[in-house]
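Student: Okay, here's the structure, questions in a sec.
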Amino acid sequence: MSEFRLITPEETAAATAVLMETAVKVGADSYTYRLKNQTPHCKFGEQGICCKICTMGPCRITAKAPRGICGCDAHGIVGRNYLRFTAGGSATHSDHGRSICETLYHANPDGPYKVKDPEKLIRIAHEWGVETEGKDIYDLAHEMAYLAMGEYGKVFGYQNFLKRAPKHTQELWQKADIAPRAIDREVSCAMHMTHMGCSSKAEALIKQSLRCGLSDGWGGSMAGTEFSDVLFGTPKPVETEANLGVMKAENVNIVVHGHDPSLSEMICELAEDPEMIALAKEQGAKGITVSGVCCTSNEVAMRRGIPMAGNFLQQENVILTGACEVIVVDVQCIFPALGPLSKCFHTKFVTTSPIAQMPDSEYIEFDVESADEKAKQIVTMAIMNFKNRKPELVNIPQLKQKATVGYSVEAIKKTLDTVTNSHVDQLNTLKPLIECVKSGVLRGAVAMVGCNNPRVRPDTAHIALMRKLLENDIIIVASGCSAQAAAKAGLMDKRAKDLCGAGLRRVCELADIPPVLHMGSCVDISRMMVLVSDLSKDSEDGWQISQLPVVGCAPEWMSEKAVSIGNYVVATGLDTFLGVLPDVTGSSEVMDLLTNRVSDWVEAKYTFETDPDKLVDAMIERIEEKRTALGI
Ligand code: MSK
């Protein structure tokens, strides 16, 4: 076995710098150049005190002009902007969830989409009170998909999945009046509240932000995760690799990017088809390599072991290798820059969703009925494009690491079963994990999530934080681009246990796990909500979620979705630490609500800290405070 060492963010940055030389050669720009052009950023925007919701303005708050034309003050403007930001994120995740439900509705034993995890489907049906006895599994799938789509517009009541939360958490939501109703209603309500002449009271706007976030995490995202598992299989540990070096110069390279696994699953299937591989060989390639970027990558890595080329800020790099035949995208987190950039190379940039249409792309609309046909068209396009490569531009940085990924809640419980010495009452529970936390072998856990952001050198905060947490015996569950940062660096290689404190190292050895557990994509943060709920329910001491020595962290976040996530993580009872400031600093009241007063409603709050050293110390301190409060 070769000697293990981490790939540092500096090494990845050096590889990117070499790719930038290619960019200069072909006349392409990149986000680093565009960032320079956009700096300094607008101070009014950064503080959230620019109001553009009617045409009397735009109004900007200053000491001389403390109110907008309508009379709204900074607190109302910042609160409204924050709620609209949340609504954008909630809508995006939830609409992704809806299309997964639509795919499930069309699942067919003879079609491209099948039910791969019938047990999970039956389990969810029982949770929702649906009779399953004697039903054909596909009839049940269609019934459940229909019901799940109904959650988006249900007339009365709250989200079905809320019942998964501990009773105490459900009561807090009811008491604070933030239990989410229909998913679409919470987004509509947010837009209504923020229309000119509606809410300008910060407290009401922040409350709705929590509710709208909850409709995502315990509604749309949870549907996306759960029904993706039903369709494509519930993830279990699988070996893969990460970083740009997973692309192969001798192969046809297809990069999948975005979030919705429906398309990428089909592309992966087709790329394994002997007929397609034979065609690739005819064209002079040795085979076909599919790799991924962003959360589509997480989805197919978790279920198929498809390698991860990179995270958000590496999307341009895959084209700059000169070895990408097709980059095919579905929805979310896709740079419009990929269009013009691909034109500087032989790369075909293929957009597939009416939700994400971009100039300079080839649009091949993807739909459930013709999924296999469209996937074949795209894979064939990639193969036939291999001969158009410009060999002088091909440069794949030889950086890659091994990673074990696929830790769904089900997989974590199964893994724990292997170390329980067969105590029957501990099987299929999180009790062994709770024992480790109680004894102090593990001090706690951090849910590391979120994006990269050019405001932070890519991955530096993710990796620095993770390393210190691991040294302090704090286990990490990760998703989204944070998970990919860990995988690229090598923190999902089981050998990374050597970087941990003695306690965590022992746990990794016993359970045969890496110290950073890959839990999936952005929507899969809903898995983390189920995990903490089950930890609370499995705790014999009656620990509530907010008492667990567990916190959430997004050190390099950038998107509206991240704010929606932050809101539901806090509202579920986990203190959440952000390394990039949201645009709320222009209102002392909104700042106070988010970092202090929300804890009166949900027993958790935000901490904003842009210095990674201080951020990680604050997390460790919070975890230790929680341990002390529990008397452990
Ligand atoms: S892809 S939302 S950059 S985590 Fe889910 Fe990554 Fe953030 Fe997109």
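Student: Counting residues that are within 16 Å of the ligand (Cβ to nearest atom), which helices (runs of 4 or more DSSP H) fully inside the range 265-356 reach at least 1?
Tutor: Where helices (runs of 4 or more DSSP H) fall fully within the range 265-356 and carry at least 1 residues being within 16 Å of the ligand (Cβ to nearest atom), they are 294-304, 315-320, 338-343.
Student: Yes or no: Asp534 in contact with a Leu (Cβ under 6 Å, 6 or more places away or on another chain) and either more than 28 Å from Arg457 (Cα to Cα) or within 14 Å of the ligand (Cβ to nearest atom) (or both)?
Tutor: Considered against the rule, which asks whether it is in contact with a Leu (Cβ under 6 Å, 6 or more places away or on another chain) and either more than 28 Å from Arg457 (Cα to Cα) or within 14 Å of the ligand (Cβ to nearest atom) (or both), Asp534 comes out as yes.
Student: Can you name every residue in the range 512-549 that is β-branched (Val, Ile, Thr) and either part of a helix (DSSP H, G or I) or open to solvent by 20 Å² or more (accessible area, probe 1.4 Å) (or both)?
Tutor: Within the range 512-549, Ile525, Val530, Val532, Ile545 meet the criteria.
Student: Yes or no: the range 553-568 includes at least one residue that is under 17 Å from Ser90 (Cβ atoms) and free of Cβ contacts under 8 Å to residues at least 40 places away in the same chain.
Tutor: No, the range 553-568 contains no residue that is under 17 Å from Ser90 (Cβ atoms) and free of Cβ contacts under 8 Å to residues at least 40 places away in the same chain.
Student: Let me ask something else. Can you spot a residue in the range 48-62 that is in contact with a Gly (Cβ under 6 Å, 6 or more places away or on another chain) and closer than 24 Å to Gln332 by Cα?
Tutor: Yes, the conditions are met somewhere in the range 48-62.
Student: Right, another one. Within the set of pairs 6 or more residues apart or between chains, which connect a residue that is over 18 Å from Thr39 (Cα atoms) inside the range 450-461 to a residue that is outside any loop (DSSP other than H, G, I, E, B) and more than 13 Å from the ligand (Cβ to nearest atom) with Cβ atoms less than 6 Å apart?
Tutor: From residues that are over 18 Å from Thr39 (Cα atoms), the pairs are Asp459/Pro9; Thr460/Pro9; Ala461/Pro612.
Student: Somewhere in the range 286-306, is a residue farther than 26 Å from Asp229 by Cβ and in contact with a Gly (Cβ under 9 Å, 6 or more places away or on another chain)?
Tutor: There is no residue in the range 286-306 that is farther than 26 Å from Asp229 by Cβ and in contact with a Gly (Cβ under 9 Å, 6 or more places away or on another chain).
Student: Scan Asp524, Asp512 and give me the residue that is within 19 Å of Leu214 (Cβ to Cβ) and among the acidic types (Asp, Glu).
Tutor: Every option except Asp524 fails the conditions.
Student: Say we look at the range 80-114 and pick out the residues that are part of a helix (DSSP H, G or I), basic (Lys, Arg) and farther than 17 Å from Ser353 by Cβ; which of these is nearest to the chain's Cα centre (by Cα)?
Tutor: In this case the residue turns out to be Arg84.
Student: Anything in the range 557-593 that is surrounded by fewer than 23 Cβ atoms within 10 Å (Cβ to Cβ), within 16 Å of the ligand (Cβ to nearest atom) and part of a helix (DSSP H, G or I)? List them, or say none.
Tutor: Listed by number, the list holds a single entry, Glu560.
Student: Another question, then. Considering only residues that are surrounded by 15 or more Cβ atoms within 10 Å (Cβ to Cβ) and within 22 Å of the chain's Cα centre (by Cα), which ones fall in the range 337-375?
Tutor: Answer for the range 337-375, where residues must be surrounded by 15 or more Cβ atoms within 10 Å (Cβ to Cβ) and within 22 Å of the chain's Cα centre (by Cα): Ala337, Leu338, Thr351, Thr352, Ser353, Ile355, Ala356.
Student: In this structure, does Cys101 turn out to be out of contact with any Phe, Trp or Tyr (no Cβ under 9 Å at 6 or more places or on another chain), not assigned by TED's automatic domain parsing to the domain that holds Asp260 and not small (Gly, Ala, Ser)?
Tutor: no
Student: Conditions first: (1) crowded, with 17+ Cβ neighbours inside 10 Å; (2) assigned to a loop (DSSP other than H, G, I, E, B); (3) of a type in the set (A, V, I, L, M). Ile378 passes all but one, so which condition is the exception?
Tutor: Failing condition for Ile378: (2).
Student: Something else: Residue under question is Lys414, and the condition is that it be farther than 24 Å from Glu272 by Cα, within 28 Å of the chain's Cα centre (by Cα), open to solvent by 70 Å² or more (accessible area, probe 1.4 Å) and of a type in the set (Lys, Arg); does it hold?
Tutor: Yes.
Student: Within the range 430-444, identify whether any single residue is within 18 Å of the chain's Cα centre (by Cα) and open to solvent by 10 Å² or more (accessible area, probe 1.4 Å), and answer yes or no.
Tutor: Looking through the range 430-444, none of the residues is within 18 Å of the chain's Cα centre (by Cα) and open to solvent by 10 Å² or more (accessible area, probe 1.4 Å).
Student: Here is a follow-up. Please go through the range 100-131 and give me each residue that is among the acidic types (Asp, Glu) and free of Cβ contacts under 8 Å to residues at least 40 places away in the same chain, ordered by number.
Tutor: Listed by number, the residues that qualify are Asp110, Glu119, Glu127, Glu131.
Student: Let me ask you something else. Test of understanding: among Ser262, Ser215, Ser209, which residue is within 16 Å of the ligand (Cβ to nearest atom) and in a helix (DSSP H, G or I)?
Tutor: Only one candidate passes the filter, namely Ser262.
The values are calculated or read from the model by the stated rules, or taken from the named source; none is laboratory data. Nothing here was measured: the structure is a model prediction, and the numbers come from that model. Ideal geometry is used to build each Cβ from the backbone, glycine not excepted, and the neighbour counts take in all protein chains shown. Just the protein is used for accessible areas: all its heavy atoms, side chains included, with ligands, DNA and RNA removed. Shrake-Rupley method; radii C 1.70, N 1.55, O 1.52, S 1.80 Å.
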